[in-house]
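Reading through the structure tokens given below for one structure.
The values are calculated or read from the model by the stated rules, or taken from the named source; none is laboratory data. Note that this is a predicted model, so its numbers are computed, not measured. No Cβ is skipped: glycine too gets one built from the backbone with ideal geometry, and neighbour counts run over all protein chains shown. In case anyone asks, the SASA skips ligands and DNA or RNA and just uses the protein heavy atoms, side chains included. Shrake-Rupley method; radii C 1.70, N 1.55, O 1.52, S 1.80 Å.
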Amino acid sequence: METPASPTPAQTARRAPAQLDVFRYDDGIVRMFVIATVTWGIVGMLVGLLIAVQMPFWKANLGPYLTFGRLRPLHTNAVIFAFAGNAIFAAIYYSTQRLCKARMFSDVMSRVHFWGWQAIIVAAAITLPLGLTTSKEYAELEWPIDLAITVVWVVFAVNFFWTLYKRREPHMYVALWFYIATIITVAVLHVGNSLAIPASLFKSYPVYAGVQDALVQWWYGHNAVAFFLTTPFLGLMYYFLPKAAERPVFSYRLSIIHFWSLVFIYIWAGPHHLNYTALPEWAATLGMVFSVMLWMPSWGGMINGLFTLRGAWYKLRDSVVLRMFVIGITFYGMATFEGPLLSVKSVNALSHYTDWTVAHVHAGALGWNGFIIFGMIYWLVPRLWRTELWSPRLANWHFWLGTLGILVYIIPMYVAGVTQGLMWRAFDDAGRLVYPDFMETVTQIVPLYWVRVVGGSMYFTGVLLAAVNLTMSIRNAPKLLPDPAVAMPLSPAGRHGGDGGHAALAD
Amino acid sequence: MKQTIFRRHRQLEGWPLVFTILVTVGILVGGLVEFIPLVLVKDNVPRIASVKPFTPLEAVGRDLYIREGCVNCHSQMIRPFRAEIERYGDFTKAGETVYEHPFLWGSKRTGPDLQRIGGKYPNLWHVRHMEDPRSTNPQSIMPPYAWLLKDDLDFAVIPGRLRALSRVGVPYTDAEIADAVANAERQATAIAQDVAAQGGPAGLERKEIVALVAYLQRMGTDVRTSQAPAGATATDVATPDSVH
């Protein structure tokens, strides 16, 4: 047989030690997730662009279905769960197989995961414009879709953990730790925050009310950022950055320390979204203190990423992949410094409810998540489709349009946030509000909303260039793309032998 | 000592099950420490006797507020700062939100906070504002919600909604649920008549807009304070009946 099925550990044990253990990685599933990532990225960002125009130009609100209030959740869900989500899955399916030296446990489960997730996204894209929403941020989808998410996530988890169980490499590399934390925590958060009693097929009420609902929502909301947009991306960084730089990770010990502290501390930080609200002060203070503590483990990840490039910085000249990773990690460092800053009550008193928050999350989303994703994709596509990147020049254009686009997006939003925050609290000498009419504080920042549209368009254009570049690359790919085969000597020591050092990161 | 920790960790990296259990414990601690006292210790959410559940019409009006995504641009949470109390009215108390499934505190103020909007403007103002926000404020950037004046309100869903709300802890009695549709129709008629009497469009009693107006006029009014925003008069407020 040309293509032996991957043998179970029991089968391999029966063979003679001299025999080679041959198995194949499932790269087809990775290709599917990569295509879905780019496709949903375009959709999510296009919706983002539309709502960015709706802010200064109300006439862009079209009919009941395409108004800001209904599209904003569609934008956030599409970019978080569709764009970043599919990218995470592409990264996990590609790297887990290689780190475990094993094909994914079940091809069927991989495909159920893929198509189930796409169906959930389509359901979101239909129900949210229809106004079917729970209104809880990043958890807007109604209960039948929540159930579907739970089922698909369990399929993903079983597939992942069973692959871990039957791995040939005894040692779990740091990327896998982050994947484990992601899969467990997202499951806990999703179930915990979505508990609701249905009133009808697409209407439900959460079991929590008021203060408790707020706490649970922001325990979820903050940790969706932590365990959907941070930990899987750190895992991804730990795999793909050393690969692209051809350098081992800077510090093994730092990775242990920052992993455990990040995982433990992040969960506590949610209440900083509720500073000065009706949430009891002790809870808000606890959230603030842990948020400030988060700064260090976050920067542990940034340092480990950037220092991995020590002695390899010259490679940035020729590698758009590394350039994107470096910009991404740098934005991660800035956003995770800004986060603790914003959680401090006196800063939050000014920033909360303003566009400062919007600037902050887009520094993270466009800079960290977006650039890490496209860096990974530019690295993956030539390998997955066994072809050259169609145009490195175009990728370079994407890099610069994206980098400048982020700045043209976030700088006006910082200015808008601080301006409006200061106007809201300005008193004159007689102790009266200087701007008692709320409208004044809006008209002041409307021009800045237009600048944001320009920045967003630049970033979006970069993504379109990437789509063209990747499509053309894939068109040049060979017709047949057999799964890559790997042959390993069967170790007599079995699953628990071998050194498996942290620096070992071979295919 | 340090050496031992890292050597132990190297061992741990070979045990996915133990590793996963440790991660699970690690991520559960923070959430539980913050959540459990909030549920068990009553002092964390002091009850306010005057805070009552929404009337049936207000409850479905609140569902429309959720459907249209108002919470994306309007908060309902006045922070205890002088600047906010001057601008919006008295700050929000935890006990005011005990029947809010879900909470609608919001995280962004593209428009002003609405916690104390109840009674601030006449019913007609809200109808005009929803139909065309530029008619009440020429510079407004808010989208129009004109369909609320045209689309019929689905009164039939009300008992099911209230029953679901009672299951999550809102104290609606069976009698109140049985009378919910009639109750909502009475309140809707009162608001529609008031709008017509003030010179607004007639015949709104079965339209969605009256439910939203009922909810907006109720917001933040269960606690009457000396800080009530200027312009509020008793006749502006829709009278929520029987449920109280």
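Name, by its number, the condition in (1) open to solvent by less than 60 Å² (accessible area, probe 1.4 Å); (2) more than 11 Å from chain B (Cβ to nearest Cβ); (3) in a helix (DSSP H, G or I); (4) not charged (D, E, K, R) that does not hold for residue A:249. Here residue A:249 meets the rest and fails (3). Among the conditions (1) within 14 Å of chain A (Cβ to nearest Cβ); (2) out of contact with any Asp or Glu (no Cβ under 9 Å at 6 or more places or on another chain); (3) surrounded by 15 or more Cβ atoms within 10 Å (Cβ to Cβ), residue B:213 misses just one, which is (1). Taken over segment B:86-101, residues that are touching a residue at least 24 places away in the same chain (Cβ under 8 Å) and either of a type in the set (D, E, K, R) or within 7 Å of another protein chain (Cβ to nearest Cβ) (or both) amount to 9.
Comparison of A:261, A:291, A:255 shows that the only residue that is surrounded by 24 or more Cβ atoms within 10 Å (Cβ to Cβ) and either touching a strand residue (DSSP E or B) at 6+ places or on another chain (Cβ under 8 Å) or of a type in the set (Ser, Thr, Tyr) (or both) is A:291. State whether one or more residues within segment A:30-45 are under 21 Å from residue A:161 (Cβ atoms), at pLDDT 95 or above, under 26 Å from the mean Cα position of the chain (by Cα) and part of a loop (DSSP other than H, G, I, E, B). Within segment A:30-45, not a single residue is under 21 Å from residue A:161 (Cβ atoms), at pLDDT 95 or above, under 26 Å from the mean Cα position of the chain (by Cα) and part of a loop (DSSP other than H, G, I, E, B).
I'd like the residue in segment A:109-134 that is within 14 Å of chain B (Cβ to nearest Cβ) and in contact (Cβ under 8 Å) with a residue 60 or more places away in the chain and, out of all such residues, is nearest to residue A:33 (Cα to Cα). Looking at residues that are within 14 Å of chain B (Cβ to nearest Cβ) and in contact (Cβ under 8 Å) with a residue 60 or more places away in the chain, I get A:127.
Looking at the structure I just gave you, is residue A:459 aromatic (Phe, Trp, Tyr), farther than 23 Å from residue B:136 by Cα, surrounded by 19 or more Cβ atoms within 10 Å (Cβ to Cβ) and in contact with a Lys or Arg (Cβ under 8 Å, 6 or more places away or on another chain)? The answer is no for residue A:459. Within segment A:44-69, restricting attention to residues that are out of contact with any helix residue (DSSP H, G or I) (no Cβ under 6 Å at 6 or more places or on another chain) and aliphatic (A, V, I, L, M), the residue that is farthest from the other protein chains (Cβ to nearest Cβ) is A:46. Of the helices (runs of 4 or more DSSP H) contained entirely in segment A:314-395, those carrying at least 1 residues that are farther than 30 Å from residue A:27 by Cβ and either at pLDDT below 95 or of a type in the set (Gly, Ala, Ser) (or both) fall at A:320-343, A:345-351, A:355-362. Among the residues that make up segment A:414-433, is at least one of them closer than 22 Å to residue A:335 by Cβ and free of Cβ contacts under 8 Å to residues at least 40 places away in the same chain? Yes, there is a match, as at least one residue in segment A:414-433 is closer than 22 Å to residue A:335 by Cβ and free of Cβ contacts under 8 Å to residues at least 40 places away in the same chain. Given the criteria at pLDDT below 95 and within 12 Å of another protein chain (Cβ to nearest Cβ), does residue A:282 qualify? So residue A:282 fits the description; yes. The number of residues in segment A:50-94 that are hydroxyl-bearing (Ser, Thr, Tyr), surrounded by fewer than 24 Cβ atoms within 10 Å (Cβ to Cβ) and within 20 Å of the chain's Cα centre (by Cα) comes to 1.
Elements of the type helices (runs of 4 or more DSSP H) sitting completely within segment B:94-196 and holding at least 2 residues that are small (Gly, Ala, Ser): these cover B:158-167, B:174-178.
Is one or more of the residues making up segment A:143-160 in contact (Cβ under 8 Å) with a residue 24 or more places away in the chain and facing chain B (nearest Cβ under 8 Å)? Looking through segment A:143-160, none of the residues is in contact (Cβ under 8 Å) with a residue 24 or more places away in the chain and facing chain B (nearest Cβ under 8 Å). Checking each residue in segment B:67-85 for being open to solvent by less than 20 Å² (accessible area, probe 1.4 Å) and either in a loop (DSSP other than H, G, I, E, B) or more than 7 Å from every other protein chain (Cβ to nearest Cβ) (or both) picks out B:68, B:69, B:75, B:76, B:77, B:78, B:79, B:84. There is no residue in segment A:372-390 that is of a type outside the set (S, T, N, Q), within 13 Å of chain B (Cβ to nearest Cβ) and either more than 23 Å from residue A:271 (Cα to Cα) or surrounded by 20 or more Cβ atoms within 10 Å (Cβ to Cβ) (or both).
Okay, residues lined up against (1) modelled with pLDDT of 90 or more; (2) part of a loop (DSSP other than H, G, I, E, B); (3) within 9 Å of chain A (Cβ to nearest Cβ); (4) open to solvent by 70 Å² or more (accessible area, probe 1.4 Å):
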site: B:21; (1), (2), (3), (4): yes, no, no, yes
site: B:30; (1), (2), (3), (4): yes, no, yes, no
site: B:43; (1), (2), (3), (4): no, no, yes, yes
site: B:50; (1), (2), (3), (4): yes, yes, no, no
site: B:54; (1), (2), (3), (4): yes, yes, no, no
site: B:57; (1), (2), (3), (4): yes, no, no, no
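Go through segment B:127-140 and give me each residue that's closer than 21 Å to residue A:65 by Cβ, within 11 Å of chain A (Cβ to nearest Cβ) and open to solvent by 30 Å² or more (accessible area, probe 1.4 Å). Hit for segment B:127-140 is B:132, nothing else. Within segment A:210-221, one or more residues are open to solvent by 10 Å² or more (accessible area, probe 1.4 Å), more than 7 Å from chain B (Cβ to nearest Cβ) and either within 21 Å of residue A:337 (Cβ to Cβ) or without any contact (Cβ under 8 Å) to a residue 12 or more places away in the chain (or both).
For segment B:159-191, a residue qualifies if it is of a type in the set (A, V, I, L, M) and either at the interface with chain A (Cβ under 10 Å from one of its Cβ atoms) or in contact with a strand residue (DSSP E or B) (Cβ under 8 Å, 6 or more places away or on another chain) (or both), and the qualifying residues are B:162, B:164, B:165, B:168, B:170.
Considering A:456, A:431, which residue is closer than 30 Å to residue A:342 by Cα and within 27 Å of the chain's Cα centre (by Cα)? Only one candidate qualifies: A:456.
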